[in-house]
Amino acid sequence: MNVVLAHLNAYVAVFLMVTGLFTVVNRGNLIKKLVGLSIFQTSVYLLYLSPGKIIGGTAPIIADRYEIYSNPLPHVLILTAIVVGVATLALGLALVVRIQEAYGSIEEDDVHRQSAPGEARQGGANGGEAP
Amino acid sequence: MTGVTSESIVLFVNTALLLLMCAAALGVVRLRNLFAVVMLGGVYSFLMASLMVALDAVDVGMTETAVGAGISVVLMLSVLGLTKTREAAPRHRPLVALVVSAVVAVSLLYASGDLPPFGDPAAPAHQHVAPEYLARAPVETGAPNIVTAVLASYRGYDTLGETAVILTGGIGVLVLLLGARRRRGGVRQGGAGESPEGTGAPMLRDTVILRVGAKILLPFILLFALYVQFHGDFGPGGGFQAGVAAATGVVLYALVFGVASAQRVAPVRVVLVMVPLGVLIYAGTGLAGMLAGGNYLDYSVLAHDPVHGQHWGIFAVESGVFVTVSGTMLAIFYAFAGRRQAREEEGAGR
Amino acid sequence: MIIANLPALQVVVPLVAAPLCAIFRAGHRPWRITLAASWAAFACAVALMRRVLDEGTVSYMLGGWEAPLGIEYRIDTLNAFVLLVVTGVGAVIVPYAKRSVESEIQPDRRGWFYTMFLLCLAGLLGVTITGDAFNIFVFLEISSLSSYVLIALGRDRRALVASYQYLIMGTIGATFIVIGIGLLWTMTGTLNLADLASRVRTMEGAPSVLSALAFLTVGISLKLALFPLHLWLPNAYASAPSTASAFLAGTATKVAIYLFFRFFFTVFGGENFVSKTPIPEMFLVLSLCAMFVAATVAVFQEDVKRMLAYSSVAQIGYITLGISLGTQTALAGSIVHLLNHAIMKAGLFLLVGCMVFRVRGFRVEDLAGIGHRMPLTMGAFTLLGLSMLGVPGTVGFVSKWYLGVAAADLGQWWLVGFIMLSSLITMLYMGRIVEVAYFRVPSGAAATATEAPAGLLVPGLVLAGASLWFGLDTSFSLGLANRAAAALVAGVF
């Protein structure tokens, strides 16, 4: 039991990562894939933050009454990772909106069926000089 | 039961939050109503943020709340307004996904075999660079919040990259969503008396509680954003959290009173300049350090003594981050909202 | 001051030019800013290479903080070489971009196109030049996100799907890389590559370190489009605007390969560590699959750009083949193929762009008879095609020769045979285009086509010339490649 508790964060992080990864890789709805991607990325943060915690420590803001502080480095890294994640999500969502307009569907099977190579190109989505 | 120690409280909270997150994640996998999926995603982010606070990562928890449980949910809901809200029934067995997930799970579990136990202060991660940060940062940068000191100064270059990532994402969304419906180019400039229906918020304006509540909250939200921005050296906070909070305030206003009203407060042209401007401020601070004789992003040379230089440097770069983050979040919101308005105007015109 | 801060300026110049393009979006200003920035970046790379050849490894502390507290830029022969390749390709492509972007991108988006281009360039340079693991991730994502946007600006709606697919696979890859870096940090407490190297060497065989290696390998393979994780590449390169295809084909995968070199040999200890895992054998199998399967698929493509894209997947197989062999000669062959493939593939995409500019079609049939109407373009294309085959005197020959010698040194004669066999398949698809271009009667748009405008044609001709120049005078490229390979094998950074 102690072993499980000692590594509980790691095991749950693995479970969450895999759940998110499954949702992303699975062929289905484009928005759901993005939600799955978001869950996958967020659970990786646990992998960084859990080892940073020190039992009996506090947040790494220096104040006179505390002596033990948790590790500040993963906090910095994860802040960056969160921001990168939301930028990716915003781009992904913008693509989904455009795909919906161009294909009329956001189910991956439909979209791939409609865009099989060799099929006649339908309606420029971006057009060169065309207005 | 022997005395409840702080350690056992930490473990209890930890475990409870983890189990709830598992439940939320499973819900995302199983449910096909996309609205529910998006909301569960937001719930998951909020639980993660709470867990982060429990793990002493307060800056990160604040950012995750603002970004993951706030902005992300708003964006996904606005996209749902533009697409269908139900996922189609699955047509085939998810074999590939299951195999990939299984392999990844096994590799990670194998890796966790020799990871140090949770909360152990003797772990290798705590021996090398971290104690140096804790010892040196308050003295060299004058900022008690070590995370801000590391983020803005020691690893400030990473943060410049991060701000560039936001720039990339923001401009990417603008490129994809602006103008291409080919009716009128540019972000929709809403008319004066326009109803908020264009933002997918029918009749919100007529709900007294929301109207009054939004008007009361908005100044506090903006004040909070400024507080978080300037107090980031001394408490949890900094450019990102402040930028997202400020943008959220304007988004709230837009949701209740219409995008047109919000664009009178934060015009599109100003927002479009803010997005790249913050990166220029940040990179410019680095160049200033170079011109003053130091390396790129060396703040110690910016003032008469190194600690003051660090103060100014951190202030400048955090301001740059604030400008780009708030500008980008707003620009992205305008882009999505504008798309919806364009589509509705097209539909009405037929 | 400039000389001392060259490492920082290498990345900062394009990074600052990008938001400037976003602000000054009118008329030709974005293009001019991009031209200045990309040529300045190339000059920077040349100067850095000189410094590395004179002084050895260059180290630069960003923010003035010493590693591992701060982020370090660390440049040795290998990444100076990659910097030259990336900036060189960029510098050649930007003049091409002027007419190409005008014909393929709507006016109100051109400024932002250049912003994304510069961000991609800055990101790739940032990945190459840094000595900090997490910094690699941040700049890798800058380059990836901007590539997603560049691709999505392509000609029809399939560009959107290609971009989304690339986004999903690329982000999974980046997250795997983050997982790998996280595991390494948890066990060592540091993010600096040189520091990691010294600590990881003492931990051979630890499960977490092996796992970290596995995740890094899969993550980088996704970015690299190593078979079978290459599914995003053909769609992406085929649908993207011509400038973007040429630039990405010449640079993005090269930087991903550089990450393999850096992690396998410098951090994890190359000879000692990696050869005790199944990675070399796996890479051998996957490389051969890439070389043969992808090349065969290329033969049956109707769309010229898709054909070239599959060809890229096959060529990446050559480079990973060198990694799997692991000797200095093999690594030198791989490193020199970084340069050679960049020249060949970027050149091919540029020339195809010229043809498409006139003919307005992307299918092989559309190019019927074009060899007579656009002799310079097709002549350069044929020269590059011969180079892809590995005809002596061209760059393609140099890489294949080195890989063959490396295989022979190890006694793997069957491998030499396979390398020659793969050239035959290359001949099938490149030959198909050449045959259609010269031996068919021009029809439709091809009948009235004339040479492409100089702005579009000259960069392609320059690259075709380079494939001959560096094929005949190999002292520069091979000299650097050997120097870099020796450092890798010795585990020196």
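Just so you know, all these numbers are worked out from the coordinates, no wet-lab data involved. As the structure is a computational prediction, the values presented were derived from the model and not from experiment. With ideal geometry, Cβ positions are generated from the backbone for all residues, glycine too; neighbour counts draw on all protein chains shown.
Quick notes on this one:
- B:VAL103-A:TYR66 FRET efficiency (beta carbon distance; Förster radius 41 Å; 0.05 resolution): 0.45
- Spin-label pair C:PHE24/B:ILE209, simplified geometry with 7 Å Cα→Cβ offset, distance in nm: 5.4
- Count Lys and Arg as plus one, Asp and Glu as minus one, and take only other residues whose Cβ is under 12 Å from that of C:MET355; the net charge is then +3.
- Pairs exceeding a 21 Å alpha-carbon distance, out of A:LYS33/C:LYS254; A:LYS33/B:LYS84; C:LYS276/C:LYS400; B:LYS84/C:LYS223; C:LYS345/C:LYS400; C:LYS254/C:LYS305: A:LYS33/C:LYS254; C:LYS276/C:LYS400; B:LYS84/C:LYS223.
- Where N is the number of residues in chain C, Cα Rg divided by 2.2 N^0.38 Å: 0.92
- In plain terms, the residue of C:PHE263, C:PHE493, B:PHE220 with the fewest other Cβ atoms within 10 Å comes first and the most crowded comes last, giving B:PHE220, C:PHE493, C:PHE263.
- Distance cut-off 44 Å, percentage of C-alpha pairs in the protein assembly as shown lying past it: 28
- Sorted by Cβ density within 10 Å, fewest first, the residues B:VAL139, B:VAL38: B:VAL139, B:VAL38
- Mean ellipticity per residue at 222 nm, deg cm²/dmol - from DSSP H runs of n ≥ 4 across chain B, formula -39500 (n - 2.57): -22500 deg cm²/dmol
- Residue among B:ALA292, B:ALA125, B:ALA266 with the largest mean-square fluctuation in a Gaussian network model of chain B, springs linking Cα atoms under 10 Å: B:ALA125
- Extension reserve of the B:LEU26-B:ARG93 stretch, reckoned as 0.36 nm per residue once the Cα distance is removed: 22.4 nm
- Fully extended contour minus Cα-Cα distance, from C:ASP473 to C:VAL416, at 0.36 nm per residue: 18.1 nm
- Cβ crowding within 10 Å, taken as a proxy for footprinting-reagent exposure, orders C:ILE335, C:ILE319, C:ILE433 from fewest neighbours to most as C:ILE433, C:ILE319, C:ILE335.
- Phi to ³J(HN,Hα) by Karplus 6.51 cos²θ - 1.76 cosθ + 1.60 over segment C:66-76, Hz, x for Gly, Pro: 6, 5, x, 6, x, 8, 10, 9, 10, 10, 10
- Each helix, a run of at least 4 DSSP H residues, gives -39500 (n - 2.57); summed and divided by the residues of chain C, these come to -25000 deg cm²/dmol at 222 nm.
- Segment C:1-53 versus segment A:80-109: alpha-carbon centroid distance in Å: 31
- Overall form of segment B:197-350 per C-alpha gyration tensor (a/c, 1.5; a/b vs b/c): oblate
- Relative to the Cα centre, the charge distribution of the protein assembly as shown, modelled as +1 at Lys and Arg Cβ and -1 at Asp and Glu Cβ, gives a dipole magnitude of about 2920 debye.
- If you take all other residues with their beta carbon under 12 Å from the beta carbon of A:PHE22, and give Lys and Arg +1 and Asp and Glu -1, the sum is +4.
- Label separation (C:ILE3 vs C:TYR438): 5.1 nm, computed from points 7 Å beyond Cα along the C-beta direction.
- Per residue, the convex hull volume that the Cα atoms of segment B:84-126 enclose (Å³): 144
- For segment B:153-159, backbone phi angles converted through the Karplus equation (6.51, -1.76, 1.60; θ = phi - 60°) give residue-by-residue couplings of 10, 5, 10, x, 5, 4, 5 Hz, Gly and Pro being listed as x.
- Using a Förster distance of 41 Å, the FRET efficiency for B:LYS84-B:ALA16 (Cβ separation, nearest 0.05): 0.70
- Segment C:136-157 versus segment B:216-281: alpha-carbon centroid distance in Å: 27
- Computed from the C-beta positions of A:HIS112 and C:PHE300 and an R0 of 22 Å, the FRET efficiency is 0.70 to the nearest 0.05.
- A straight line joining the Cα centroids of segment B:144-161 and segment C:377-399 runs 49 Å.
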